[in-house]
Amino acid sequence: MYSKQLESQSHITAPQLVCLLAVVNGGPMTATALAKEVHLSPSTVVGILDRLEEKGLVARSRGVEDRRIVRVSATDRGVALANQAPSPLQERLAQGLNRLPELEQAAIALALERVVELMEAQHIDSAPILETGPLSRP
């Protein structure tokens, strides 16, 4: 629902907004640096940058000293869109949690910590999952 709202209002997808915000906030950077910043693969980021460039929201420029280096920067239009775009979901969640009473925040934090504990797979032996046949329990 958020993605559809974002796309209808700003004509930009959530991943495009995340990349645009990173470029606006971090200044000119390479696609590789952007990929690390937003935790996406470089090939995914290049595709996103292609679409942002087509929309006139970012521009690519080659380095003066080393022409192999290509930096991405936000255009004036990109900065304006980033400033008026709705907050990413993480920010909306944080704002919503901050409006809750402290006791409710603590209960949610404890529940999430428990979920993380339950999901940690470091103590699970993968062998029983990979073997076929009945499981033998110690």
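Summary of computed values
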quantity	calculated
Verdict on Leu52 being hydrophobic (A, V, I, L, M, F, W, C), assigned to a helix (DSSP H, G or I) and under 16 Å from Leu21 (Cα atoms)	yes
Any hit, region 15-29, residues being of a type outside the set (Gly, Ala, Ser), more than 17 Å from the chain's Cα centre (by Cα) and farther than 23 Å from Arg92 by Cα	yes
Candidates Ala59, Ala82, filtered to the one that is in contact (Cβ under 8 Å) with a residue 60 or more places away in the chain, surrounded by 14 or more Cβ atoms within 10 Å (Cβ to Cβ) and of a type in the set (Gly, Ala, Ser)	Ala82
Single unsatisfied condition, Thr32 versus (1) among the β-branched types (Val, Ile, Thr); (2) in a helix (DSSP H, G or I); (3) farther than 19 Å from Ala85 by Cα; (4) out of contact with any helix residue (DSSP H, G or I) (no Cβ under 6 Å at 6 or more places or on another chain)	(4)
Residue within region 40-54 that is outside the structural domain of Ala109 (by TED's automatic domain parsing) and under 30 Å from Ala109 (Cα atoms) present	yes
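The values are calculated or read from the model by the stated rules, or taken from the named source; none is laboratory data. Every value quoted in this text rests on a predicted model; they were computed, and no experiment measured them. All Cβ positions, glycine included, derive from the backbone under ideal geometry; neighbour counts span all protein chains shown.
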